[in-house]
Amino acid sequence: MRDTATRKADALAALEKQHDIWLATADVAGRPHIIAVSAWWDGTDLVVATRGASKTARNLAMNPSAKVARGAPSDAVVIDAQMIDSRAVEDSADLAGGFAAAVGWDPREVGEGWMFFRLRPVRIQAFRGYDEIGGRDVMVRSRWLA
């Protein structure tokens, strides 16, 4: 079993390497919606891109809470996050450059109407299988535990 510091280090390494994640949002009535997205961990926040007219974008505009997951139950990182900013990709050269370098594609090159959403982690859990369910929190209330 890994200690909290090791879980934190492993979670950060996974976020820096793994750019495909599941993003779950909900509308104001609580109806959930989940999509696969590319994400860039900038060291503080996750930056995701999706079309501005998508259900995910509409949900985040109405309800800024989101849940992010990567991995499998044998090695998972699960994040509760708050959307703190959204911008059109064409107005965000700095984000677009960092995003493209990290994930390998640039939303400015795949069509119009794309948006960046900055998601700030509130809680991060890291666990490898059921044996690590206990002690899975590595961040609580946006503060690292190690």
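None of the figures in this text is laboratory data; all of them are computed from the coordinates on show. This structure is a prediction, so every number in the text was calculated from the model and none was measured. Every residue, glycine as well, gets a Cβ built from its backbone with ideal geometry; the counts of neighbours run over all protein chains shown.
Residue-wise HN-Hα couplings along segment 37-45, as the Karplus relation 6.51 cos²θ - 1.76 cosθ + 1.60 with θ = phi - 60° gives them from phi, are 9, 8, 9, 10, 8, 8, x, 10, 10 Hz; Gly and Pro carry x. Of interest is the spacing of the C-alpha centroids, which for segment 92-138 and segment 38-57 amounts to 6 Å. List residues of segment 23-58, by number, whose backbone nitrogen lies under 13 Å from a label position 7 Å along Cα→C-beta of residue 88. Only 52-53 pass the distance filter.
Counting only the backbone N, which residues of segment 112-146 are under 16 Å from the spot 7 Å out from the Cα of residue 53 toward its beta-carbon? Backbone N within reach: 112-115. Counting beta carbons within 10 Å around each of 142, 54, 74 and listing the fewest first gives the order 74, 142, 54. Taking the fewest neighbouring Cβ atoms within 10 Å as the starting point, the ordered list for 50, 25 is 50, 25. Seen from residue 75, the other residues with C-beta closer than 14 Å to its C-beta sum to a net charge of +3, counting Lys and Arg as +1 and Asp and Glu as -1.
Assigning unit charges at the beta carbon (Lys, Arg +1; Asp, Glu -1) and nothing else, what dipole magnitude in debye, to the nearest 20, does segment 105-146 show about its Cα centre? Write out the running numbers ahead of the final one.
Working: 8 positive and 6 negative charges, 70 e Å.
Here the size comes out at about 340 debye.
Residue separation of residue 145 and residue 106 scaled by 0.36 nm, minus their Cα-Cα distance, works out to 10.6 nm of gained length.
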